[in-house]
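Notes to accompany the following structure.
The values are calculated or read from the model by the stated rules, or taken from the named source; none is laboratory data. A quick note: this is a predicted structure, and the numbers were derived from the prediction, not measured. As a convention, Cβ positions derive from the backbone with ideal geometry for all residues, glycine included, and neighbour counts pool all protein chains shown.
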Amino acid sequence: MKNKELAKIFYEISDFLEIDGISFKPYAYKKAAFSLENLEEDVFDIYEKGGNDALQDISGVGENIANHIEEYIKTGKIKIYEKYKKKLPLKIDELTRVEGLGPKKIKVLYQKLGVKNLKDLEKSAKSHKISPLFGFGDKTENNILQGIEFQKQNKGRLLLGQILPIAESILEELKSLKEVDKISLAGSLRRRKETIGDVDILVVSKKPEQVMDFFASLELVKKVLAKGKTKTSIHTKEGFDIDLRVVPEESYGSALQYFTGSKDHNIITRKIAIEKGFKLSEYGLFKGNKIIAGKTEEEVYKALGMEYIEPELRENQGETEAGMNNKLPKSLELKDIKGDLHCHSNWNGGENSIEEIANVAIKKGYEYIGISDHTKFLRIENGLNENQLLEQDEEIKKLNKKFEKNNFKILHGCETNIMNDGSVDIKDEVLEKLDYVIAGIHSNLKMGKKEMTERLITAMKNPNIDIISHPTGRLINRREEYQLDFDRILKVAKETGTILEINSSPDRLDLKDLYIRQAKEFGVKMIINTDAHKINQLSQMNYGVSQARRGWAEKEDIINTKPVKELLNYLKH
DNA sequence: GCCGTTTTCGGCCCGACTGTTTTCAGTCG
C-alpha cells in the first residue's frame, strides 16, 4: 500500500512550502496527505481503475496533486519533492517532531547554524549557539533540549495502532498456508503494549522451509536480515522488524509463554517453577528430563499452580501472585462494550452525519451511541455554540424516533473545553438539557502542577460535567502528560462521581494502564470511548479495551458495558 | 493548490499562548 508513502511525501512538501513562506499551498498539501493516509483503497488501484480523473475524486486532490501521484506511480519520484530535498537537505519530519519547532525556526537554524537533523540540533543547543539567535532565547534553547531528550526515550518504538493492523494482516496471510498448523502473535504486541519495538510471530509447522520462504517474500519485506529453519527476521518497509519462529508442536505453549514475555514476567514464572522443583524454558516445563507441560499455555500455568494469565497482565505487577490466589481480574472483552459516548459528527470537525454514525454503531451491535461534538472555544474544529447544540438536540430527537424500531438510542452530549479557571465554554442552562457532558482540556497545556490540578478539580465539581475526556493529555511518543496530582484527581472523581475516560485513540490511550489500575483501586468509574472523528475510527474501541485489560479493569469498572438505563444512572443528572 | 446550493475566482487558516520582543512572529490544537 503506497498511500502512506505518498502521504509522507506530501506532508514533507507542505513543510518545505511553509519554510519557503508560501501561504495556503501547504494547507492544500496537508489536506491531500491526510486524505491519502486515511484512504481505505490503495491509491495505485484507484489509478489503475480510473486513471488521473479517479485520483481527482479523492478529497483534497485536484489536478496538480493528481499529477504528482501519477508521476510517482510511473517514475517512483516526484520532481518538486526531489528539488526541495536538494535545496534544503533537512530531516524535516525529525525536526518538526521537536515540540516548539516549526518550519520557520527550522529554516533559521539551517541557514545560520547548518542544522540538518536532530543530531546537529542537539550539538548546537548544547554548545549554546541557539539562544543568541534573533527570535530565539534561553527558554527556547532549553525547550529544544527537553524535546530532544523526550524523543530519544521513545526511539524506535511505533504505536500499537500503527503495527497491530499490519501484523494481523500478515498473520492472516500466513494462516492461509496449508503448511501452517498453528500460529500466534507473541511479544509486546500480544500483550498490547502501547508502543511496540518489533513483532514476534510463532508458528507450528512440519514444513518450516516453505513457511520461511513465503514469509521472506511478502510484499512488505524491505530486507531479509536472517533466514534459517527455526527463525527468520525481516525488516519491513514500514520501518520495523518482524521475527518469525517455528517451534515444535509439543512445546508450542511454553514457547508462546516464553516469547510473549514480558521478560520480568518470565523471570518470576521460572523462579516459581524452580521452587516447585521444575525447570521452565521455551521448550517446556520439565521435571528432571521429563516434560510435564508445554503444549498449551493453559497447561503450563496450571502446572505452576495458577490460573491462566491473560497476556495483557504479564508485566510482573503482581499477576502471578494473584493467579495463585484466584484473584486475577475477570477479563473484559470487546463484546462487553454496549456503546461509545465520545464521537464527533459533521456538525463540528468530524466527517460523518449523526445518522451515518448511528448506523455503524447499530451494525457493531451497540445499544447506544453518544454524539459529543466540540464546543465553541475550539474554532479550528468548528466547535458548536449554545444555539447549535439546541438545534442538534432537535435533530437527535427526530433520529431517535426513527431508530426506535432498532431498540437503539442516540444520546446527546458535547465535549466542552475546560478553560484556565476550570469553567467551561458552554452555559449551564444548555448543558443541563443534554443527556451527558464530557469536558476536556485543549488549551494552555503547560500549566504548573498545582494550577492544572485545581483547574481539573473545579471542572469535576461542576454538577453538569459527567466525564473527563483524555484526562492526562498525553500523546504517545510526542507529548508528555499534563502535570497533575493524580491522586487528588482520583479522590475528587470518587467524591463527585465523575467518570474518567479511557480514550482509545492509539496515540492517546489516556488513561494509561497504570492510572486505570489506580482508578479501579480508588473505586473511580471509567468509560472506554473512541473519540472518533470519522466512522472507521469507531473500530478503534479494541485499543481502549486492551488498555483497560492491562489496567486490570473489569466489566463493573467500565460504565459503557451497561445497558443504557444503568449507564444513565452513573451520570450526575 | 483545492474548492464550489457563494461555482471558475477569491477565499481558505482561527485564536490563544509563549517567548521573544516593545508590538509581534511562530507554534499549537
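Tabulated values for the structure
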| item | result |
| --- | --- |
| Among residues of segment A:531-573, those that are crowded, with 22+ Cβ neighbours inside 10 Å and not in a helix (DSSP H, G or I), counted | 6 |
| Some residue of segment A:512-521 being assigned to a helix (DSSP H, G or I), among the acidic types (Asp, Glu), buried (at least 21 other Cβ atoms within 10 Å of the Cβ) and away from DNA strand B (no atom under 16 Å from the Cβ) | yes |
| Single residue of A:PHE34, A:PHE24 found to be at negative phi and within 12 Å of DNA strand B (Cβ to nearest atom) | A:PHE34 |
| Qualifying residue in segment A:349-370 (condition: more than 22 Å from the chain's Cα centre (by Cα), among the polar types (S, T, N, Q), more than 16 Å from DNA strand B (Cβ to nearest atom) and at pLDDT 90 or above) | yes |
| Residue that is in contact (Cβ under 8 Å) with a residue 24 or more places away in the chain, in contact with a helix residue (DSSP H, G or I) (Cβ under 6 Å, 6 or more places away or on another chain) and either farther than 29 Å from A:LYS222 by Cα or not acidic (Asp, Glu) (or both), where the choices are A:LEU88, A:LEU36 | A:LEU36 |
| In segment A:101-114, the residues that are aliphatic (A, V, I, L, M) and within 12 Å of DNA strand B (Cβ to nearest atom) | A:LEU101, A:ILE106, A:VAL108, A:LEU109 |
| Matching residues in segment A:39-60 - criterion: being within 15 Å of DNA strand B (Cβ to nearest atom), part of a helix (DSSP H, G or I) and surrounded by 15 or more Cβ atoms within 10 Å (Cβ to Cβ) | A:VAL43, A:ILE46, A:TYR47, A:ALA54, A:LEU55, A:GLN56 |
| Scan of segment A:404-425 for residues that are more than 16 Å from DNA strand B (Cβ to nearest atom) and out of contact with any strand residue (DSSP E or B) (no Cβ under 7 Å at 6 or more places or on another chain), ordered by number | A:GLU404, A:LYS405, A:ASN406, A:ASN407 |
| Residue ranges of helices (runs of 4 or more DSSP H) in segment A:61-100 with at least 2 members within 12 Å of DNA strand B (Cβ to nearest atom) and in contact with a Pro (Cβ under 9 Å, 6 or more places away or on another chain) | A:92-96 |
